[in-house]
Amino acid sequence: MSETALLSPLEPMVRASIADQVFDVLHQQVLSLALPPGTKMSEAAIAKQLNVSRQPVRDAFHRLSKLGFLLIQPQKATQVSPIYIQDILRARFVRSSIEVEVIRRAAQGLTTQTLAQLDANLAEQQQAVASADRARFHRLDDAFHHLLCQGAGVGFVWKTLQENKAHTDRLRYLSLSEGSARAMQGHIRILAALRARDGEAAVAELRSHLGRIEGIIADLRAANAAWFSDEG
């Protein structure tokens, strides 16, 4: 694939560094598959499109490669990496193992404040589903699970989950065109079990929620075979 022409020059911002802005823009483009697997990336071309120097682009490329989104190879063109099936399955195992323990702790008693925050999050999820806003729903999905970690008193594990789930983020985003309503219903059932202090039911709902990954892979791979790889 040729380099993208989807990027626009950045506008100056006070709160975020140029390097962070560049990373955020490219991360969203890769995550949303506006830059699909196989797209060639050039530091010089991206810097020109965003109207920045090459250093923040180089920094963003490095961060994206650490997340597994870019393949940077000496003497070869940098390109968006395939969606590696094995990485997704490994990431799902790690995430499931951690979040099961999070859910068990959360079932011991979420505070009224956390329950209110989760309810508010679900209300916003419903709005995102109704408006077919995948980007918003993806952010709210992450926020829901982050709130569970905080409510369970183990907010520190969220960073580990974030780093690990990067392998699955593109797959999740792609699946939301059809699966956001199903994902929201999973969240509703998890929260209902937690509100009832039924830890085992909540764990079962979480496993079901995360366990749909194989079916999602099969469906999406059938439609976009070139984006996936069994290596990794």
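The values are calculated or read from the model by the stated rules, or taken from the named source; none is laboratory data. Keep in mind that what you see is a predicted model, and the values were worked out from it rather than measured. Note: ideal-geometry Cβ built from the backbone for every residue, glycine included; neighbour counts use all protein chains shown. Accessible surface is based on the protein model in full, side chains and every heavy atom, while ligands, DNA and RNA are left aside. Shrake-Rupley method; radii C 1.70, N 1.55, O 1.52, S 1.80 Å.
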* Evaluate the distance, in nm, between pseudo-label points positioned 7 Å from the Cα of Ser42 and of Leu115 along their respective Cα→Cβ axes. => 5.8
* Of Ala107, Ala77, Leu67, whose Cα points farthest to the positive end of the dipole of region 51-199 (charges on the beta-carbon: +1 Lys, Arg; -1 Asp, Glu; origin at the Cα centre)? -> Ala77
* Calculate the length of the line joining the C-alpha centroid of region 156-232 to that of region 16-72, in whole Å. => 26
* Efficiency of FRET between Asp24 and Asp219 - r from beta-carbon atoms, R0 22 angstrom, step 0.05 -> 0.15
* Among Ala196, Asn224, Gly186, pick out the residue whose Cα is farthest towards the positive end of the charge dipole of region 134-232, where Lys and Arg carry +1 and Asp and Glu carry -1 on C-beta, about the Cα centre. => Ala196
* Asked: In region 121-232, what is the volume of the convex hull around the alpha carbon atoms, normalised per residue and reported in Å³?
  -> 109
* Structure fact -> If the chain between Ser96 and Leu210 were fully extended at 0.36 nm per residue, the gain over the current Cα-Cα distance would be 40.3 nm
* Å² of accessible area per residue within the chain, as computed with a 1.4 Å probe and no ligands counted -> 51
* Structure fact -> Stretched fully, the stretch from Asp59 through Glu163 gains (0.36 nm per residue minus C-alpha distance, one decimal, in nm) 35.7 nm
* Structure fact -> Each label sits 7 Å from Cα toward the beta-carbon; between Ala143 and Glu231 the label points are separated, in nm, by 4.0
* Using a 1.4 Å probe over the heavy atoms of the protein chains, calculate the carbon and sulfur portion of the accessible area of the chain as a whole percent. => 51
* To do: Could you tell me how many degrees, from 0 to 90 and to the nearest 10, lie between the Cα long axis of helix 213-223 and the main elongation axis, the longest principal axis, of the Cα atoms of the chain?
  => 40
* To do: Using the Cα centre as the reference, give the magnitude of the dipole from point charges on the C-beta atoms of the chain (Lys, Arg: +1; Asp, Glu: -1; all else neutral), rounded to the nearest 20 debye.
  => 220
* Specify whether the C-alpha gyration tensor of region 123-175 places it in the rounded, prolate or oblate class, a ≥ b ≥ c being the square roots of the eigenvalues: rounded for a/c under 1.5, otherwise prolate if a/b is larger than b/c and oblate if not. => oblate
* In the full protein assembly as shown, how much of Ser97 is accessible to a 1.4 Å probe, in Å² to the nearest 10? -> 60
* To do: Please compute P(r) over all alpha-carbon pairs of region 166-224, binned at 10 Å starting from zero, and give each bin as a whole-number percent.
  => 22, 46, 25, 6, 0
* With label points built 7 Å along Cα→Cβ from the Cα atoms of Val154 and Ile72, find their separation and express it in nm. => 3.3
* Just by accessible area at a 1.4 angstrom probe, what is the order of Glu205, Glu178, Glu231, Glu101 from largest to smallest? -> Glu178, Glu231, Glu101, Glu205
* Whether region 147-196 is rounded, prolate or oblate, judged on the alpha carbon gyration tensor where a/c under 1.5 counts as rounded -> oblate
